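Before any comments, here is the structure.
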Amino acid sequence: MVYEILRKYGIRGGYHDQHFLIDERVLDRIVDSADIKSHETILEIGAGIGNLTERLMAKAGHVIAVERDPELIYVLKDRFGESDKLTLIHGDVLDVEFPAFDKVVANLPYSISSEITFKLFRYNFKLAILMYQYEFAQRLVAHANSKDYSRLSVNAHYFADTSMIMKIPRGAFSPPPEVLSAVVELKPRPSYFEVLDEKYFLDFVTAVFGQRRKKMRNSILKNKQLLGIDDMKEFIHELPQELLDKRPENLEPEEFAELANMMFRHKQK
Ligand code: SAH
């Protein structure tokens, strides 16, 4: 079925992150995981030839599909143009403002996974079911004290509960990507720890993971300018010493927040 559509429109893919999902069971499982209700509006990013779009439209009240490639916009219009269930947005996902949506379901363009994920966190929504490159997915769901735990993990835990739903082989796509993929579930929720200044917290986490082998004490001293604390050499004694002896990969998200909040307060003085 999906092959027929690719053939009919002469679409090859393989460039611009274009890897179309052809495995019908995988497509069905993605849609099932989103548990779509008939009143819900679903956002899809990178709709391609519409194989996921079609399934989303069958369940949702409304679908908003973003796609950048004019050739694929043509296909999508040709396939679903008549339906008032679909809003097509022709543009770069990083440039467009999303209309309100309840859930987001997408097989993402992998080269901008990180940018898209952070952009999504600025919106209010209930659930995201997203296909990522496997390594990226592992970092997104990782917890402290594991090798995949990273800046991305801490950020994700700040905004949402994350879990990996399934690993997807290369053969599920046409053309097959060079990497394995995985579907991740993100459930946004208010943070379970307090952050005084979001930007300061996120910048701090980014800075210390830039030197993930270094102990926190050394990273903090080295980044005193970025952290905006001139008297860091003295102030660092006021921070919880047991945290400073650890490496970033061994700190819980709330421990990063504790440090960031203390430094932010000191900076404000
Ligand atoms: N959902 C389809 C296609 C996934 S491939 C399927 O599962 O088969 C990723 C899609 O994202 C491609 O259609 C590609 O053209 C589109 N894309 C890539 N970069 C984009 C961007 N910056 N903005 C919007 N769409 C983009």
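The values are calculated or read from the model by the stated rules, or taken from the named source; none is laboratory data. Predicted model only: the values in this text are computed from it and were never measured. Using ideal geometry, Cβ is built from the backbone for each residue, glycine included, and neighbour counts are taken over all protein chains shown.
Of all residues in segment 12-24, those that are farther than 20 Å from residue 105 by Cβ have Cβ atoms under 8 Å from Cβ atoms of residues that are among the hydrophobic types (A, V, I, L, M, F, W, C), 6 or more apart or on another chain, in 12/6. Scanning segment 146-167 for residues that are in contact with a helix residue (DSSP H, G or I) (Cβ under 6 Å, 6 or more places away or on another chain) and not hydroxyl-bearing (Ser, Thr, Tyr) gives 148, 151, 152, 154, 156, 157, 164, 165. Scanning segment 14-42 for residues that are within 12 Å of the ligand (Cβ to nearest atom) and not in a helix (DSSP H, G or I) yields a count of 10. Screening residue 254 with (1) in contact (Cβ under 8 Å) with a residue 24 or more places away in the chain; (2) under 11 Å from residue 200 (Cα atoms) gives one miss only, at (2). All conditions in (1) more than 7 Å from the ligand (Cβ to nearest atom); (2) closer than 19 Å to residue 77 by Cβ; (3) not in a loop (DSSP other than H, G, I, E, B) hold for residue 11, with the sole exception of (3). Considering 165, 129, the condition of being more than 16 Å from residue 18 (Cα to Cα), touching a residue at least 40 places away in the same chain (Cβ under 8 Å), part of a strand (DSSP E or B) and within 15 Å of the ligand (Cβ to nearest atom) is satisfied by 129 alone. Scanning segment 1-58 for residues that are on the phi > 0 side of the Ramachandran plot and at pLDDT 95 or above yields 35, 46, 48, 50. Which of the residues spanning segment 90-115 are of a type in the set (A, V, I, L, M, F, W, C), surrounded by fewer than 20 Cβ atoms within 10 Å (Cβ to Cβ) and within 11 Å of the ligand (Cβ to nearest atom)? Hits for segment 90-115 are 94, 96, 112.
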